[in-house]
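Comments concern the structure below.
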Amino acid sequence: MLAGLCGGLGAVFGSRCQVLRTEPLPPRAFHAGRQQYSSTEILAGLAARVIPDSSRLVAVTSSDLFVPVLTFVFGEAQLEGRCAVVSTCRLRQEFYGLPADAKLESARLLKETVHELGHTFHLAHCENYECVMAPSHAVEWIDLKSSTFCEACRPRVPS
Ligand SMILES: [Zn+2]
Ligand SMILES: [Zn+2]
């Protein structure tokens, strides 16, 4: 799945993508009461791991993520940094009691990852529902949009 994501990201951003070795989530990011991981805590630990000469670092986890004001998040990005984190937990059909669909899950993961990376390039949410920068508060919204930037957002992404 990560190899597929890498290929997708390379195509969208026109750059090289590399899968790094799997690392455990920082234990301090786990919230026992919510049984979820704090995306902000995960991001805080990521910055030190950005490899020299690389532009961005994205962590992909199967664990469910949250920020304090929301029930969950699909991902979070550093608006003033180079890191993002995304979760596959709620991108899986099984989460909603539906049969597994690997292709759909991969498509959702690519869109969510491109979206969070867009935030690291200082892009805000877009009103064009087909643009990858459209906000998604439910998985159905992710399915509506494409994995690419609209004409208004595209020029703001370095290539
Ligand atoms: Zn967003
Ligand atoms: Zn847009």
_R21 being over 29 Å from C150 (Cα atoms) and touching a strand residue (DSSP E or B) at 6+ places or on another chain (Cβ under 9 Å)_ = no
_Among residues of segment 105-138, those that are away from ligand 2 (no atom under 16 Å from the Cβ) and either over 20 Å from V58 (Cα atoms) or free of Cβ contacts under 8 Å to residues at least 12 places away in the same chain (or both), counted_ = 2
*asked:* I'd like to check something: does segment 76-93 contain any residue that is free of Cβ contacts under 8 Å to residues at least 60 places away in the same chain and over 24 Å from T22 (Cβ atoms)?
replied: yes
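Taking the criterion of being closer than 21 Å to A11 by Cβ and at pLDDT below 95, would at least one residue in segment 133-153 satisfy it? Step through it out loud before you land on a result.
Initially, segment 133-153 is screened for residues closer than 21 Å to A11 by Cβ, giving 133-134, 136, 142-153.
The next check asks that each one be at pLDDT below 95; those that pass are 136.
Among the residues of segment 133-153, at least one is closer than 21 Å to A11 by Cβ and at pLDDT below 95, which makes the answer yes.
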_Of all residues in segment 115-125 being of a type in the set (A, V, I, L, M, F, W, C) and buried (at least 19 other Cβ atoms within 10 Å of the Cβ), the one that is farthest from K103 (Cα to Cα)_ = L123
*Considering segment 147-159 alone, what residues qualify as being free of Cβ contacts under 8 Å to residues at least 60 places away in the same chain, surrounded by fewer than 18 Cβ atoms within 10 Å (Cβ to Cβ) and either of a type in the set (S, T, N, Q) or within 10 Å of ligand 2 (Cβ to nearest atom) (or both)?*
C150, E151, A152, R154, R156
_Looking only at segment 12-49, count every residue that is within 16 Å of the chain's Cα centre (by Cα) and closer than 19 Å to G118 by Cβ and tell me the total._
9
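Yes/no per residue for (1) buried (at least 20 other Cβ atoms within 10 Å of the Cβ); (2) within 12 Å of ligand 1 (Cβ to nearest atom):
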| position | (1), (2) |
| --- | --- |
| G81 | no, no |
| L91 | yes, no |
| P99 | no, no |
| A107 | no, no |
| E127 | no, no |
| K145 | yes, yes |
_Tally, over segment 112-125, of residues that are part of a loop (DSSP other than H, G, I, E, B) and more than 10 Å from ligand 1 (Cβ to nearest atom)_ = 2
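Within segment 59-68, identify whether any single residue is over 25 Å from L144 (Cβ atoms) and modelled with pLDDT of 95 or more, and answer yes or no.
Applying the first criterion (over 25 Å from L144 (Cβ atoms)) to segment 59-68 yields 59, 63, 68.
Remaining after also requiring modelled with pLDDT of 95 or more: 59, 63.
Checked against the condition, which is being over 25 Å from L144 (Cβ atoms) and modelled with pLDDT of 95 or more, segment 59-68 yields at least one hit.
The values are calculated or read from the model by the stated rules, or taken from the named source; none is laboratory data. The shown structure was predicted, so the numbers you read here are calculated from the model rather than taken from an experiment. Every residue, glycine as well, gets a Cβ built from its backbone with ideal geometry; the counts of neighbours run over all protein chains shown.
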